[in-house]
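Enquirer: Just passing along the structure, written as structure tokens.
The values are calculated or read from the model by the stated rules, or taken from the named source; none is laboratory data. A quick note: this is a predicted structure, and the numbers were derived from the prediction, not measured. Reconstructed Cβ throughout: ideal geometry from the backbone, glycine too, with neighbour counts over all protein chains shown. Heads up: the accessible areas ignore ligands, DNA and RNA and are worked out on the full protein's heavy atoms, side chains in. Shrake-Rupley method; radii C 1.70, N 1.55, O 1.52, S 1.80 Å.
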Protein chains: 2
Amino acid sequence: MNFSVIHKDSRTAARSGLLRTDHGEIPTPVFMPVGTKASVKSVEPEELTAQQTHIILANTYHLYLRPGNGIVGKAGGVHRFMNWHKPLLTDSGGYQVYSLSELRTIDEEGVRFKSHIDGSMLYFTPENVIDTQRIIGSDIMMPLDECPPWPAEKTYVQESGDMTVRWAERAKKHFESTQPHYNHSQALFGITQGGTYADLRTQVSKELVDLDFDGYSIGGLAVGEPAEEMYRILELSHTVLPENKPRYLMGVGTPENILNAIERGVDMFDCVIPTREARNGRVYTRNGHINLRSARFAEDFTPIDEGFDNHVCRNYSRAYIRHLLNVGEILGLKLCTLHNISFFMWLTRTAREQIIRGSFREWKDSFLQTFNAGKQS
Amino acid sequence: MNFSVIHKDSRTAARSGLLRTDHGEIPTPVFMPVGTKASVKSVEPEELTAQQTHIILANTYHLYLRPGNGIVGKAGGVHRFMNWHKPLLTDSGGYQVYSLSELRTIDEEGVRFKSHIDGSMLYFTPENVIDTQRIIGSDIMMPLDECPPWPAEKTYVQESGDMTVRWAERAKKHFESTQPHYNHSQALFGITQGGTYADLRTQVSKELVDLDFDGYSIGGLAVGEPAEEMYRILELSHTVLPENKPRYLMGVGTPENILNAIERGVDMFDCVIPTREARNGRVYTRNGHINLRSARFAEDFTPIDEGFDNHVCRNYSRAYIRHLLNVGEILGLKLCTLHNISFFMWLTRTAREQIIRGSFREWKDSFLQTFNAGKQS
């Protein structure tokens, strides 16, 4: 993996770059649709490509449970298993251990937890999580970390952050002593923690930078803290993280969060918002989001976003999609999902173009003004 | 609409033909995927086209309830509403009135029934069902009929059949006194009833032939009677129905039923089997159907039907689709659906090619032998 910053905005920390992997190039800033269980819900890989998706995310925790390492390994990795031949990033599963599993006990060695599927007892260590990601074959891997809730006591965040650094060091060592299973190379990012405590975040970030990862994920944000707190931590991260490595803000977010993070030097994003909200009928337009379940769209034969040039807007009306959602047709969920993915890809792609053109700040302000003025439900 | 029989099999009643509509030509024999509520569940119109689908079916009863004539009319008909620009056939809704609604009372004038959606009282007559199909804009319309259950007393089937003929006459009169709402012509078929009583079926068929419809649907079959009873009625229908009009066997069926009906002179079929069974994981192969939910496919990385050249078999393995079904991913339902549609389209397309080539009988016997030998679940 190789990353170059290509353009730097003169007035903000925003930058455009190019991330090269053996499965192809990723122009940044970039949004990564979430394909937790080796499927971006309801859409086919070639449909993602048609919406200019460059990279997707899958989840180590979920794939480890089902279909499991045995099947993924026999399939020759997740790219081949799901027929996605562009870059793939995997989360370590640390976050899911805390959010989904029961009876977890964590110690220096790793985390023991009960599967939320069948109740069996499982054990994740920094080393075996790398092994699983070797089997998955993701282009970009994440180390096991601990993600504290917000708010949390400083002492706890400090101890947890220190352990996350020690785990990162073990992960890197194991990463360096193992090889990819397939014919492509894999990169390993470090995940910064430290909550919203500036000194702790700085300390963890610096220690990870000393370990020299291929890129840096900013973790433990978007967990309930006010957006301003998150932005403050991003500004701090910008000064501590090396300029020539990609920065990935995990689990973010709304269009506003994404643009504000790009302005603060973030390159990569993933979030379930476009896909999860789509399944509830919420779709994104340049004039805010709307909920197509609403009866007010029953006779609205315009596209979701008039003049927005994507597959869904070219072919279907709000009234038709509203009908599909209203009668429980699966196709409604799929069309909303595909539209939202297309919208989020357009958002980060346009941000990139505006950075290159030197007009990012003006475009962002203008976009958000229109977007927030129109936001409806 | 215009129909020509192009090839007649010398040893059976099978024939290949061409049905021309303003939305395009339909080579027969043909299978019509079911898009009850203006959506073939989980797939997009362009995906149907890619699987060589020539015509789909929608349902007047369901569309009348939701989205309703007001919205369909404002959309400019169902073709535009759902973005399907090839031929569309609509069932009259008669069958659904009997199978889904409660508290129906039927008299000479029409049928009064309670909506299964909101409990409101509704009224279908031969005339207003034509009006609704004018609003839908289907290329081929069906008249309101009564479909008796099987078995049923002869007296009841006779009285019901007589009424269906009188309703067909009223439907035809109303059809002739009204105009299409859009820029394409619409055809009206007659639906034969009479159950499995040869004399009644013959009588109803002859009376409908005297009324001179654009084509003839064979109704009231595939409602629980033994297959041999159905085949006997098809053989009888072949002798009574005019050779130069298309024949549509409603609601049929399995690959075996379809091929046996083609052999007896049927041109058109619709059935929920490929789409409904797909959503339960059952997929069709030339070696029988299999259920992809089964654990025995967990590590089977071959396509659904090795060597079958369609989108799903080219891109996905049994193991991947089994995983999708196992973890509840929508994409699993969609891939099974798309495969089964492709399989049923292949079945009738191949039957047509074999009729033209003069080898229908041999091919059918050989196909069914392999198919039935391999059938698993």
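Enquirer: Express the accessible area of the stretch B:227-377 per residue in Å², computed with a 1.4 Å probe while the remaining protein chains stay in the model.
Expert: Accessible area per residue: 34 Å².
Enquirer: Averaged over every viewing direction, what's the projected area of the C-alpha convex hull for the stretch A:2-271? Give it in nm², one decimal, please. Walk me through the intermediate numbers first.
Expert: Values: hull surface 53.4 nm².
Computed as one quarter of the Cα hull surface, the answer is 13.3 nm².
Enquirer: Could you work out the helix-only [θ] at 222 nm for chain B, with each DSSP H run of four or more residues adding -39,500 (n - 2.57) and the total divided by the number of residues, to the nearest 500 deg cm²/dmol?
Expert: -13000 deg cm²/dmol
Enquirer: Turning to a different aspect of this structure: Need one word for the stretch B:173-295: rounded, prolate or oblate. Basis is the Cα gyration tensor (sqrt eigenvalues a ≥ b ≥ c); a/c below 1.5 gives rounded, then a/b vs b/c decides.
Expert: Here the stretch B:173-295 falls in the oblate category.
Enquirer: Treating the angle as unsigned and between 0 and 90°, give the value, to the nearest 10°, between the Cα long axis of helix A:154-176 and the longest Cα principal axis of chain A.
Expert: On a 0 to 90 degree scale, this one is about 80.
Enquirer: Now a separate question. What number results when the radius of gyration of the stretch A:47-107, computed over Cα atoms, is divided by 2.2 N^0.38 Å?
Expert: This ratio for the stretch A:47-107 stands at 1.32.
Enquirer: On to the next question. Hey, could you get me the Stokes-Einstein D for the stretch B:220-281, Kirkwood radius over alpha-carbon pairs, 4 °C and 1.567 mPa s, rounded to whole µm² s⁻¹?
Expert: On the way: Rh = 12.2 Å.
So the translational diffusion coefficient is about 106 µm²/s.
Enquirer: Name the residues of the stretch A:32-59 whose accessible area falls by at least 40 Å² when all protein chains are present instead of the chain alone, probe 1.4 Å?
Expert: A:LYS37, A:SER39, A:SER42, A:GLU44
Enquirer: Averaged over A:312-323, how many beta carbons belonging to a partner chain fall within 10 Å of each residue's beta carbon?
Expert: Averaged over the peptide's residues, the number is 4.
Enquirer: Ignoring any ligand, DNA or RNA, what whole percent of the accessible area of chain A comes from carbon and sulfur when the probe is 1.4 angstrom? Walk me through the numbers on the way to the answer.
Expert: Details: 6370 of 13580 Å².
Carbon and sulfur: 47 percent of the exposed surface of chain A.
Enquirer: Can I ask one more? Mean shadow of the stretch A:1-138, computed from the convex hull of its alpha carbons, in nm²?
Expert: The Cα convex hull of the stretch A:1-138, projected and averaged over all directions, gives 10.2 nm².
Enquirer: Which value, in square angstrom to the nearest 100, describes the accessible area buried between chains A and B on both sides, using a 1.4 angstrom probe? Don't skip to the answer; put the middle values down first.
Expert: On the way: alone 15290 and 15250 Å², together 27120 Å².
Counting both chains, the buried surface is close to 3400 Å².
Enquirer: Using a 1.4 Å probe and ignoring any ligands, DNA or RNA, find the accessible area of B:GLU127 and quote it in Å² to the nearest 10.
Expert: 50
Enquirer: Hand me the GluC sites (Glu not before Pro) from the stretch A:295-336 located in a DSSP loop with no more than 16 other Cβ atoms within 10 Å, in residue order please.
Expert: Sites meeting the loop and neighbour criteria: A:GLU299, A:GLU306.
Enquirer: Which whole number gives the average count of other chain Cβ atoms within 10 Å of the Cβ atoms across peptide A:291-298?
Expert: 1
Enquirer: Please compute the contact order of the stretch B:278-374 in relative form: average sequence separation of alpha-carbon pairs under 8 Å and at least six residues apart, divided by the residue count, as a percent.
Expert: The normalised contact order for the stretch B:278-374 reaches 33 percent.
Enquirer: Based on Cα coordinates alone, diagonalise the gyration tensor for the stretch B:116-223, multiply each eigenvalue by 5, take square roots, and list the semi-axes in whole Å, largest first.
Expert: Sorted largest first and rounded, they come to 25, 18, 11 Å.
Enquirer: Let me ask you something else. Among B:27-40, A:35-48, how do they line up by average Cβ neighbours within 10 Å per residue, starting with the highest?
Expert: Ranked by mean Cβ neighbours within 10 Å, highest first: B:27-40, A:35-48.
Enquirer: What is the log10 of I(q)/I(0) for the stretch B:278-374, computed with the Debye formula using one identical point scatterer on each Cα and no solvent, at q = 0.12 Å⁻¹?
Expert: Cα-only, vacuum Debye calculation for the stretch B:278-374: -0.40.
Enquirer: Another question, then. When each pair of different Cα atoms in the protein assembly as shown is counted once in the 1/r mean, what is the Kirkwood radius in angstroms, to one decimal?
Expert: One over the average 1/r among Cα pairs gives 28.6 Å for the protein assembly as shown.
Enquirer: Please tell me the relative contact order of the stretch A:102-256 in percent, rounded to the nearest whole number, where contacts are Cα pairs under 8 Å and at least six residues apart.
Expert: Once normalised by length, the contact order is 19 percent.
Enquirer: Karplus couplings for the stretch A:106-115 from phi (6.51 cos²θ - 1.76 cosθ + 1.60, θ = phi - 60°), rounded to Hz, Gly and Pro as x?
Expert: Using θ = phi - 60°, the values come out as 10, 9, 4, 6, x, 10, 9, 8, 9, 4 Hz.
Enquirer: Compute the distance from the alpha-carbon center of the stretch A:154-184 to that of the stretch A:54-90, in whole Å.
Expert: For the stretch A:154-184 versus the stretch A:54-90, the Cα centre distance is 20 Å.
Enquirer: Okay, next question. Considering Cα pairs under 8 angstrom that are at least six residues apart, work out the relative contact order of chain A and quote it in whole percent.
Expert: RCO, chain A: 18 percent.
Enquirer: Then there is this: My understanding is that a pair violates if its Cα-Cα distance is over 28 Å; which of A:LYS41/A:LYS86; A:LYS375/B:LYS86; B:LYS86/B:LYS172; A:LYS8/A:LYS206; A:LYS41/A:LYS375; A:LYS41/A:LYS114 do that in this structure?
Expert: Correct reply: A:LYS375/B:LYS86.
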